[in-house]
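The values are calculated or read from the model by the stated rules, or taken from the named source; none is laboratory data. Not measured: the values here are computed from a predicted model. Note that we place each Cβ from the backbone using ideal geometry, even for glycine, and neighbour counts take in every protein chain shown.
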Amino acid sequence: MGGGEKRDRGAFGFSNMGFVAVNAVLLSRLLYERGVRYDCSEMHSGGLFFEGEGKECKNEGVHLNTSPSKPPALTSDTHKSSVPSDTVINFDHGDPTLFIPFWRRTGESSTIVIKGWQSMSYFSDIKSVCWFLEPGLADSILQLHHLVGNAETEGRHIVVGTGSSQLFLAAVYALAPRDTKEPISVVGAAPFYSSYQAASDYLRSEVFRWAGDAYAFERERVGGEERPYIELVTSPNNPDGFTREAVVNGSMGKIIYDFAYYWPHYTPITSPADKDIMLFTVSKSTGHAGTRIGWALVKDLEVAKRMTMFIVLNTIGVSKDSQLRAANILRTVISSYERKGGIIMGRGAYENFFKHGHELMSKRWERLRQAVDIHKRFSLPEFPSAFCNFLGRPSSTQPAFAWTKCEGDEIEDCEAFLKSHNILTRGGRSFGWDPKYVRISLLDTDSNFDIFINRISNIN
C-alpha cells in the first residue's frame, strides 16, 4: 500500500467492508438498468410475482405443496403478448429461469417440507471435515457425479459453499501462502469469467491480488523469475464456452478448476474431470440459482480444512434449509435415470432433466444461429462435436452464453450498440477482451428469448 495508507483488515486480509459485501459485486449486475422485463407467469415459483415493467413484486410467500395438483404442460410460452419496442430485456446475467417450466412439472417429487424444529443447529456432521455439510446433500452429490460421469469423487473431500462464488474465494484463500511479503498473483486466461476480477479487486486482499490474463502472465514468467501464482480455469469457459486447461506452466503454481458448466445439457461429457480442486454449483447444473448452493471436490485434506475455515469465519457455515432443498432437487434428477448394462436410460414416465435441458439449449442455439445469419451483423463461435458418454451418442457444445462479436468497423463497442436496441449484455472489457464482443445469456425465459431473437433478426 502506498502513501502510508492503513486499512482495517479482517481475518483473511480483506477490508472488512469488502469481506461483508463481496456478493454485492456479483449481484449488482442484476439491477443494472431500470426497465428490465420480467415474465410474471414464468417467474412464479412459490416466491415472487412480477406484475409487469416498472411495477414492484408481490411476495406471495413460500407455498409448500401439501395437496396434489395437476402439473402444467411443459411447453414454450403461448402467451406471446405484444411488447413495446422500447422494453429493455436483460441478457447480461445468467439467471437460469428457462428451467422453471420443467421444475413446475415435477410437482411434489421435487418439493420438500421443512418443519419448524428441523435444521436448527449449526452442526450437521461433526466427524466430517466440512462439519456443516448435510449428509443427505453429500450423498446426492456423489450419486449425481456417478450418474453423469463428469468428475472423479474417490478420495475427495466435499466442501459446501454459498454458491461457487464463495468457494472460489475459499479456495484462493486456502492455497495462498502466508510466508510471502507480497500477495500471490491470481490469473485466468482471457476471456475470463468477469466476476473473478470483480470480486478480487473489490476485496482488496493482502493475501492475493488479481493479476489479469494468464497468457500475459505466462509470457512474463518465461522471461523472468519464477514466482507463486494461482490460476483459475473455467471449463467449459464462461464466457466463450470452450473447453479449457491451465495456461501457465510454472513450477510454483496452484490451479482451481471451475466446472460449473460441465454438464450434459451444455457440453459433451467425454471423461470424468480429475483435478485437485473442482467447483460445481446447482445454479447451472439444475437451474436453482436462488438456492445458493455450490460444492467443491478437494483432494488435499489440509486445503479442504482451510476452505472450510474460510466459510466458517465468513458465514458460519451454509444454510441447512438450502442444502436440504438442493439435496432433494438432485435426488429428483437422479431418480429419473437408471443404468441397464452400463447404459443410462430414462426411468418410466419421469421427465429426464438433462435430456430436456439438452434439447432446450440445442433449440435455442439453432434459433440464434438462424437469427444472426439473416443480416450477418453478428458472428458466433463454432464448436466441435464429441461423443458424450452420458448421452451415449455424439453431441455438440451448446453453452449457457453466446460469445458474440459485432461485425463491421463502424461498431467499436458491441455492448453499447446492443444497448441502443434495448438489449443489455455484458461487454468484452469485463472479460479482459475486445469490446467488439459481448456475452449474451441464453438462460432467460421463453418469452424474453422470443423477444431477443426477434430483435436480433431485425438489426441490419
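For the range 164-174, the criterion of being outside any helix (DSSP H, G or I) and either modelled with pLDDT of 95 or more or in contact with a strand residue (DSSP E or B) (Cβ under 8 Å, 6 or more places away or on another chain) (or both) is met by none of the residues.
Using the structure shown, decide if I269 is assigned to a strand (DSSP E or B), in contact with a strand residue (DSSP E or B) (Cβ under 7 Å, 6 or more places away or on another chain), surrounded by fewer than 24 Cβ atoms within 10 Å (Cβ to Cβ) and touching a residue at least 24 places away in the same chain (Cβ under 8 Å).
no
I344 fulfils the conditions (1) at pLDDT below 95; (2) surrounded by fewer than 17 Cβ atoms within 10 Å (Cβ to Cβ) except for a single criterion, (2).
Picking from residues in the range 139-157 that are surrounded by fewer than 20 Cβ atoms within 10 Å (Cβ to Cβ) and hydrophobic (A, V, I, L, M, F, W, C), the one that is modelled with the highest pLDDT is L142.
Say we look at the range 118-127 and pick out the residues that are of a type in the set (S, T, Y) and at pLDDT 95 or above; which of these is surrounded by the most Cβ atoms within 10 Å (Cβ to Cβ)?
As a first pass, look at the range 118-127 and keep what is of a type in the set (S, T, Y): 119, 121-122, 124.
Then drop every residue that is not at pLDDT 95 or above, which leaves 121-122, 124.
Values: S121: 9, Y122: 10, S124: 21.
It comes out as S124.
Mind listing whichever residues of the range 304-319 are surrounded by fewer than 21 Cβ atoms within 10 Å (Cβ to Cβ) and in a helix (DSSP H, G or I)? Answer for the range 304-319, where residues must be surrounded by fewer than 21 Cβ atoms within 10 Å (Cβ to Cβ) and in a helix (DSSP H, G or I): K305, R306, M309, V312, L313, T315. Restricting attention to the range 209-242, the residues being outside any loop (DSSP other than H, G, I, E, B), of a type in the set (F, W, Y) and at pLDDT 95 or above number 3. In the range 90-117, of all residues being aliphatic (A, V, I, L, M) and surrounded by fewer than 20 Cβ atoms within 10 Å (Cβ to Cβ), the one that is farthest from T445 (Cα to Cα) corresponds to I114.
Just one of the listed residues (F401, F449, F417) is of a type outside the set (S, T, N, Q) and touching a Cys at 6+ places or on another chain (Cβ under 8 Å), namely F417.
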